[in-house]
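Taking it in order: structure first as structure tokens, then the write-up.
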Amino acid sequence: REAGQFHTKGRSATHFGTRLRLFPKGTEISLTLKGSNPVCSFSADLLPASDGEAVTLAFLQDVMDILLQYLVKNFDRSTKVIDFHYPNELLQEYNWELADQPQTLEEILLNCRTALKYAIKTGHPRYFNQLSTGLDMVGLAADWLTSTANTNMFTYEIAPVFVLLEYVTLRKMREIIGWPGGSGDGIFSPGGAISNMYAMLIARFKMFPEVKEKGMAAIPRLVAFTSEHSHFSVKKGAAALGIGTDSVILIRCDERGKMIPSDLERRIVEAKQKGFVPFLVSATAGTTVYGAFDPLIAIADICKKYKIWMHVDGAWGGGLLMSRKHKWKLNGVE
């Protein structure tokens, strides 16, 4: 756009007041405007605006084109995994201020391209990371589906299909763990750290249900046990629940990073002799640094002997339950 001239090539949706003109992809046009610059489209021009269908379809198609182009590059060996820049370089190169005025749709599209330009290509053949993996196409499609549905799973009334899907998925996961007929219950959590805290919360409630109404002052001093190589979130959960990090006893590991069952039993006996109440053993299926799997069967036997809740942190290695070759590493999880 220069001196009253507006030139575009490719797919575009140009909004002149209340008139909308759509041009097919590949069309090249030049328009001369009389007396004013073109009125750009903003988010207010999209659905649910009364005349927003065409603008919405064009805008979302442009976004989809950007995403698909990036997706193809994601798997291209000739491209870089990341176009790395230091934080101060990116801050200086782009305007990061949150403006008081709305951006045009064209500016939003430009920002989409910029965000992907500096994103790490996690699907790249040369991308390796201990905490994240490549991109699954069906999973991507499912993510687009759930975002488009734009609902929550608070009630069946709001999301009947997704609530049922969660139900059958959790039941299948319990079957894979080894519980007959998928018996039991389950819940999806935001992540591994919260899952560990949930486990601690349930174990405490199981042993002392009165804590829900009366608080920690009404129950004895609790202690939990986990390996010295376990995730820090076990102690974090103890702090958040008022149990205290000093009440988390770290158990020694062998040279391969696995919890030593004999040391676990020794520390349990010591805690009981001091008047503490052992209520949880948090085993680890895949430690953060070594990737070690604690001996779950031996730990389960000890927990059964002393009537202690056993939790398995499978955030790192729990996926091996789906592996025919490596599933044995989680023997005892059931």
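Read the figures in this text as sums done on the coordinates, not as results from a lab. Remember, predicted model here, so these are calculated numbers, not experimental data. Cβ sites come from the backbone with ideal geometry, for glycine too, and all protein chains shown count toward neighbours.
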Would you please give the residues with an amide H less than 5 Å from that of residue 244, counting only those at least 5 places away or on a separate chain, with H modeled from the backbone geometry?
239
Treat each spin label as a single point 7 Å out from the Cα along the C-beta direction, and report the residue 328 to residue 153 distance in nm.
3.4 nm
Quick one: order 294, 51 by neighbouring beta-carbon count within 10 Å, fewest to most.
51, 294
In nanometres, the difference between 0.36 nm per residue of separation and the alpha-carbon distance of residue 40 and residue 101 is 20.6 nm
Under a Cβ-only charge scheme (Lys and Arg +1, Asp and Glu -1), can you give me the dipole magnitude of segment 105-204 about the Cα centre, in debye to the nearest 20?
400 debye
Those residues of segment 200-215 whose amide nitrogen sits under 16 Å from the label point placed on residue 307, 7 Å along Cα→Cβ
203-210
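Taking the Cα centre of the chain as origin, sum charge times position over the Cβ atoms of Lys and Arg (+1) and Asp and Glu (-1), and report the length of that vector in debye to the nearest 20.
1220 debye
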With the crude spin-label approximation of a point 7 Å out along Cα→Cβ, what separation in nm comes out for residue 73 versus residue 290?
4.2 nm
Per-residue Cβ neighbour rank within 10 angstrom, fewest leading, 269, 312:
269, 312
Check cross-link reach from residue 272 to the lysines: straight Cα distance under 21 Å, and skip same-chain residues fewer than eight apart.
206, 235, 304, 305, 307
Proxy reagent accessibility, fewest Cβ within 10 Å first, across 179, 316, 96
96, 179, 316
What is segment 187-278's relative contact order, in percent, from Cα pairs under 8 angstrom and six or more apart in sequence?
28 percent
Could you tell me which helices of the chain pass both thresholds, a Cα extent of 24 Å or more along their own axis and a mean Kyte-Doolittle hydropathy of at least -0.5, with helices taken as whole DSSP H runs?
53-74, 160-177
Applying 1/(1 + (r/R0)^6) with R0 = 30 Å to the Cβ-Cβ distance of residue 51 and residue 162, what FRET efficiency is obtained, to the nearest 0.05?
0.40
Per the helix-only model, the chain has a calculated mean residue ellipticity at 222 nm (DSSP H runs of ≥4, -39500 (n - 2.57) each, divided over all residues, rounded to the nearest 500) of -11500 deg cm²/dmol
